[in-house]
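**Student:** Would you mind keeping the following structure in view while I ask a few things?
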Amino acid sequence: MKTTTLRNLWAALVVLGLGTGCGNTVQVKGRVTDGEGTQPQAILAGAASLGGSGTVAATTQVRASSVGPDGTLTVLAEGKLEARGYYTLDVPAGEERLVLEAVDASGQVVASALLEATAEGKDVVAAPMDSETSLEAEVFLRMMADKSQAETVDMVDVRARINANMAAAARQGASTTDAFRSRVRALADAVRAAQQAELEMYAKAGVQTSQTALFEQELAAAAALSAGLEGGGPVNEIYDAFHAELRAAAERLGAKVEQQAQAERAASASFRATVKARLSAEDARPLVDAALRASAGVEARASGAALSALLSAGGAADDVKQQAVTASTTLRTQVRASTSAAMAANAFASFESSVSGSADLQASVLGRYLGVNASNQLTLGLAVQATVTAAAVLDTTLDAASSSAVSADAVNVSLLATKTAEAYQAYATAVRAQATALSVFGAKATPAVEVLLVAEGSFQMGQ
């Protein structure tokens, strides 16, 4: 109830606007903070800082810039920092894909943040600048600089994939500017790979869309996220509402929630494969682990939403749907609390067990949905085992895809996305073939195999 209330409030803010603007400009209001920081300023000379301790004291000016096709910045507005780190900028209306930067007296960037759009007649609240927003901006600009001419980049998706834990780990062990820059580039490659794999999976499901179309549909979600973060509400609820709005945006483009979950699996697998290959040095392990856990969090939300949608559409009883909600909530909670990628993987293993019943078929979500008893338990057990086998094949295939497309120096984004999508499509075909074996359960056979897809194919860790 509380999340819904927050979501409705933010939606109203977005629709009504936070002010009236001024002519052909709008006011962008925000705040520079010392938040989520682990490093003092100027620790790496010549490198853009990721905020943190000393940011407010170091900042003398804030500027807003448009981002060119190659990642170059063109300044649109500048303003001085006000009391307690606040600022107001008069930015041209109708702009999209902006970067906000806090700079010190020498012109050095000490923190930054992404700003998706400035709509005509609506003043804008920007996300508070901190370490997380600074890493998001760094990664986005690197993605723009490195992308192929045919690629597009979804700025909102960058915010969904980068979190505070990653920002805290990004500088850890990076003793030189080049080391830090290589990490940013690896993360940029990983997010590009994720975005491309997502589109590939949508296409295989018959959903024709683009990163540009997704971005345009996600603008309200991003504005609500920024307003919520500036408002200081419960962070977990703010991000839950943000991801719910991202799902709604994809649905408006024709992607069902279960199709979104399958696309996110492929996206997350591509992201993880790239991160692990591109950040193989020992000193980057904290960042790799944080990135894998962030990926797990995105996938956990998608899997839980798909499970609920499938059971509702399949006519599940209320107690079964509640059992599924409990399993999904537990998954998200455990992933959020995990302190290692291995712990996140264990959370998914527990989720799989509670949904598909590898330990107790009759007591599982799927078993209770199908009304499994002693006489038909073997039928479901064989289908579950076939799905487990298919998931093992998927893992092997994903490892091969990673080996062929990603190295320590570069990633072939298109090849990785294509091979990853093909691997998940083959996995889905193998699982859906179990519908014939489950025909004894009547009309519930098809929803059941879709539930198996959600449960058994999640969070493939690979090598």
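The values are calculated or read from the model by the stated rules, or taken from the named source; none is laboratory data. The model shown is predicted, which means the values in this text are computed figures rather than measured ones. All Cβ positions, glycine included, derive from the backbone under ideal geometry; neighbour counts span all protein chains shown. These area figures cover heavy atoms from the full protein model, side chains too; ligands, DNA and RNA do not enter into them. Shrake-Rupley method; radii C 1.70, N 1.55, O 1.52, S 1.80 Å.
**Student:** Need one number for region 122-214: average projected area of the convex hull over its C-alpha atoms, nm².
**Tutor:** Working: hull surface 30.4 nm².
Convex hull of Cα atoms, orientation-averaged projection: 7.6 nm².
**Student:** Give the angle, between 0 and 90 degrees and rounded to the nearest 10, that separates the Cα long axis of helix 377-405 from the longest principal axis of the Cα atoms of the chain.
**Tutor:** Approximately 40 degrees, to the nearest ten.
**Student:** I need the per residue convex hull volume for region 317-404, using only the alpha carbons, in cubic angstrom as a whole number. Display every interim value, and only then the final one.
**Tutor:** Details: hull volume 8.7 nm³, N = 88.
So the per-residue Cα hull volume is 99 Å³.
**Student:** Show the residues, 5+ positions off or on another chain, whose built amide H is closer than 5 Å to the amide H of Y86.
**Tutor:** V32
**Student:** Next question, about the same structure. Between Q362 and T436, what FRET efficiency comes out of the Förster formula 1/(1 + (r/R0)^6) with R0 = 22 Å and r the beta carbon distance, rounded to 0.05?
**Tutor:** That pair, T436 with Q362, gives E of 0.50.
**Student:** Using the Karplus curve 6.51 cos²θ - 1.76 cosθ + 1.60 with θ = phi - 60°, what ³J(HN,Hα) values do you get for each residue of region 154-169, in whole Hz, with x for Gly and Pro?
**Tutor:** Listing the rounded values in order: 9, 4, 5, 4, 4, 5, 6, 9, 9, 10, 5, 4, 5, 5, 5, 8 Hz.
**Student:** Now a separate question. When ligands, DNA and RNA are left out and all protein chains stay put, how many square angstrom of accessible area per residue does the chain have with a 1.4 Å probe?
**Tutor:** Details: 17950 Å² over 463 residues.
So the chain comes to 39 Å² accessible per residue, rounded to a whole number.
**Student:** If the chain between K29 and Q208 were fully stretched, how many nm would it gain, using 0.36 nm times the residue separation less the Cα-Cα distance?
**Tutor:** Values: separation 179, 0.36 × 179 = 64.44 nm, distance 3.62 nm.
Stretched out fully, the K29 to Q208 stretch lengthens by 60.8 nm.
**Student:** How far is helix 177-204 tilted off the main Cα axis of the chain, in degrees rounded to 10, range 0 to 90?
**Tutor:** For helix 177-204, the angle is close to 50 degrees.
**Student:** Among DSSP beta bridges whose residues both lie in the chain, state the antiparallel percentage, nearest 5. The partial results should precede the final answer.
**Tutor:** On the way: 30 of 33 bridges.
DSSP beta bridges in the chain are roughly 90 percent antiparallel.
**Student:** Once the other residues with Cβ under 14 Å from the Cβ of N376 are scored (Lys, Arg +1; Asp, Glu -1), what is the net sum? Don't skip to the end; give the middle numbers.
**Tutor:** Numbers: positive: R368, K444; negative: none.
Counting the neighbours of N376, the net charge comes to +2.
**Student:** Specify which residue in the list S407, V454, V365 is farthest towards the positive end of the charge dipole of region 346-463, using unit charges on the beta carbon of Lys, Arg (+1) and Asp, Glu (-1), about the Cα centre.
**Tutor:** About the Cα centre, the residue reaching furthest to the positive side is V365.
**Student:** Please give the helix 131-146 orientation as an angle from the longest Cα principal axis of the chain, in degrees from 0 to 90, rounded to the nearest 10.
**Tutor:** The angle comes out near 80 degrees.
**Student:** What does the extension gain come out to for L382 and T326, with contour length at 0.36 nm per residue minus their alpha carbon separation?
**Tutor:** On the way: separation 56, 0.36 × 56 = 20.16 nm, distance 2.57 nm.
Working it through step by step, the gained length comes to 17.6 nm.
**Student:** Moving to a separate point now. For region 304-463, what is one quarter of the convex hull surface built on the Cα atoms, given in nm²?
**Tutor:** Details: hull surface 39.0 nm².
Taking a quarter of the hull surface, the average projection is 9.8 nm².
**Student:** While we're here: Calculate the length of the line joining the C-alpha centroid of region 71-85 to that of region 247-306, in whole Å.
**Tutor:** The two parts, judged by their Cα centres, are 32 Å apart.
**Student:** A follow-up question, please. Under a 5 Å amide H to amide H cut-off, with H placed in plane at 1.01 Å, what residues pair with V110 once short-range neighbours are removed?
**Tutor:** S49, A102, V103, D104
**Student:** Hey, another quick one. Run the Debye formula on the Cα coordinates of the chain, all scatterers equal and no solvent, and tell me log10 I(q)/I(0) at q = 0.08, 0.11, 0.13 1/Å.
**Tutor:** -0.47, -0.86, -1.15
**Student:** Return a whole-number percent for the relative contact order of region 119-225, with Cα pairs under 8 Å and 6 or more residues apart as the contact set. List each step's numbers first, then the result.
**Tutor:** Working: 73 pairs, mean separation 39.2, N = 107.
Across region 119-225, relative contact order equals 37 percent.
**Student:** At a threshold of 8 angstrom on Cα-Cα distance, excluding pairs fewer than six apart, so keeping six or more, what relative contact order does region 62-115 reach in percent?
**Tutor:** Values: 90 pairs, mean separation 18.3, N = 54.
Once divided by the residue count of region 62-115, the mean separation gives 34 percent.
**Student:** Using a 10 Å cut-off on Cβ atoms, rank the peptides 417-430, 183-196 from the highest mean neighbour count down.
**Tutor:** Details: 417-430: 20.6, 183-196: 26.9.
Packing proxy ranking, top to bottom: 183-196, 417-430.
**Student:** Rounded, prolate or oblate: which fits region 175-265, taking a ≥ b ≥ c as square roots of the Cα gyration tensor eigenvalues, rounded meaning a/c under 1.5, else prolate when a/b beats b/c? Each step should come with its number before you reach the end.
**Tutor:** Details: a/c = 2.34, a/b = 1.14, b/c = 2.06.
Oblate, since a/c reaches 1.5 and b/c is not below a/b.
**Student:** Peptides 100-109, 232-241, 365-374, 293-302: what's the order by average Cβ count within 10 Å, highest mean first?
**Tutor:** Values: 100-109: 18.2, 232-241: 16.0, 365-374: 19.8, 293-302: 24.7.
In decreasing order of mean packing, 100-109, 232-241, 365-374, 293-302 become 293-302, 365-374, 100-109, 232-241.
**Student:** Starting from the Cα-Cα distance between E251 and A349, subtract it from 0.36 nm times their residue separation and give me the gain in nm to one decimal. Mind showing how you got there, number by number?
**Tutor:** On the way: separation 98, 0.36 × 98 = 35.28 nm, distance 2.80 nm.
My answer for the length gained is 32.5 nm.
**Student:** Continuing with this model, one more query. Take the residue pairs K147/K204; K29/K321; K122/K321; K256/K419 and return only those whose Cα atoms are more than 31 Å apart. Write down the numbers at each step before the final one.
**Tutor:** On the way: K147/K204 23 Å; K29/K321 43 Å; K122/K321 41 Å; K256/K419 23 Å.
With Cα atoms farther than 31 Å apart: K29/K321; K122/K321.
**Student:** At a probe radius of 1.4 Å, what is the per-residue accessible area of T446, in Å² to the nearest 10?
**Tutor:** Here the accessible area works out near 80 Å².
**Student:** Sort 210-223, 117-130 for me by packing, meaning the mean count of neighbouring Cβ atoms within 10 Å per residue, highest on top.
**Tutor:** Numbers: 210-223: 20.1, 117-130: 21.6.
Ranking the peptides 210-223, 117-130 by packing returns 117-130, 210-223.
**Student:** With the full set of protein chains in place, find how many percent of the accessible area of the chain is carbon and sulfur; take the probe as 1.4 Å.
**Tutor:** Values: 9360 of 17950 Å².
So the carbon and sulfur contribution to the accessible surface is 52 percent.
**Student:** Grab the other residues whose beta carbon is less than 10 angstrom from that of G173, score K and R as +1, D and E as -1, and report the net. Write out the running numbers ahead of the final one.
**Tutor:** Values: positive: R171, R183, R285; negative: E282, D283.
Surrounding charge for G173 is +1.
**Student:** Counting alpha carbon pairs within less than 8 Å and at least 6 residues apart, what relative contact order, in whole percent, applies to the chain?
**Tutor:** Numbers: 859 pairs, mean separation 63.7, N = 463.
Relative contact order of the chain: 14 percent.
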